[in-house]
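Enquirer: Dropping the structure in here first, questions after.
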Amino acid sequence: MKCRIVLGFDPNMRFECVKCGSCCRTTTHNIVPLQLYPQEVSRIRDMGYRDSIAYIGRVHYIRAVNSHCIFLTDDDLCMLRLKHKWSPVNCRLFPITVKLINDTFILNMNWEYSSKVSCKGFGLGPTIAERFKDIEELLDEIAEYTTYSRNAY
Ligand code: SF4
Ligand code: SF4
């Protein structure tokens, strides 16, 4: 991890996802409001899900149907994870959001969307500081996507 990291929240906050699937349900413009990276868009299309991506305001998102992510199963599981053992990095990072500006990752808590979907993970499990290695791995993934994009232009 070569980039600097700036946190916009208290790292001593506890959070553990209880896999309730609420963040996979949304009615916001018929999309899941978590941005996809271009490489993820290609990956999803290569998996054969050609009509599952929306492009709004120069940003790619996963489509929502009947108020939930197109990939959410009837059992509230992620079909991408079930069938392909993979899901977009911002799904895995939620409720943390990230912006990469120059060589600095700016991490914030997505209070607006987590409150909208009544995310139940706050106050549970280890502190964010204790699981920071996992978060750094996700940031490495994002850095790779971004470096590739930078070199491609
Ligand atoms: S809403 Fe929160 S607790 Fe529920 S699946 Fe999403 S991140 Fe996990
Ligand atoms: S891709 Fe999977 S994890 Fe992401 S919102 Fe859809 S169902 Fe949830």
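The values are calculated or read from the model by the stated rules, or taken from the named source; none is laboratory data. Computed from a predicted model, the values in this text were never measured in an experiment. Note that we place each Cβ from the backbone using ideal geometry, even for glycine, and neighbour counts take in every protein chain shown. These accessible areas exclude ligands, DNA and RNA; they are computed on the full protein's heavy atoms, side chains included. Shrake-Rupley method; radii C 1.70, N 1.55, O 1.52, S 1.80 Å.
Enquirer: Find the lysine pairs in region 4-152 meeting two conditions, Cα atoms under 21 Å apart and a separation of 8 or more places or different chains, and report how many there are.
Expert: Step by step, the pairs that qualify in region 4-152 add up to 7.
Enquirer: Carbon and sulfur atoms: what percent of the 1.4 Å accessible area of the chain do they account for? Could the numbers behind the result be given before it?
Expert: On the way: 4640 of 9320 Å².
Ligands and nucleic acids excluded, carbon and sulfur reach 50 percent.
Enquirer: From the gyration tensor of the Cα coordinates in region 1-151, what semi-axes in whole Å does the equivalent ellipsoid have, largest first, with each one equal to sqrt(5λ)?
Expert: Whole-Å semi-axes of the equivalent ellipsoid: 24, 21, 14.
Enquirer: Could you tell me the largest-minus-smallest coordinate of the C-alpha atoms of region 42-130 on each of the three principal axes, in descending order and whole angstroms?
Expert: Largest to smallest, the principal-axis extents are 37, 36, 25 Å.
Enquirer: Give the relative contact order (percent, whole number) for the chain; include only Cα pairs under 8 Å separated by 6+ residues. Walk me through the numbers on the way to the answer.
Expert: Values: 190 pairs, mean separation 56.5, N = 153.
With pairs under 8 Å counted, the relative contact order is 37 percent.
Enquirer: Using amide H atoms built 1.01 Å from N in the peptide plane, name the residues 5+ places from Ile53, or on other chains, whose amide H lies under 5 Å from its own.
Expert: Arg63
Enquirer: Before rounding to the nearest 500, sum -39500 (n - 2.57) across all DSSP H runs of length at least 4 in the chain and divide by the residue total; then give [θ] at 222 nm in deg cm²/dmol.
Expert: -9000 deg cm²/dmol
Enquirer: Could you pull out every one of the aspartates and glutamates with an alpha carbon less than 13 Å from that of Lys2, ignoring same-chain neighbours closer than 8 positions?
Expert: Result set, ordered by chain and number: Asp103, Glu136, Glu137, Asp140, Glu141, Glu144.
Enquirer: Another question, then. For a quick check: with amide H placed at 1.01 Å from N, whose amide H comes under 5 Å from Arg25's, ignoring anything fewer than 5 positions away on the same chain?
Expert: It is Cys69, by chain and number.
Enquirer: Which FRET efficiency, nearest 0.05, do Asp51 and Met13 yield, Cβ-Cβ r, R0 30 Å?
Expert: 0.20
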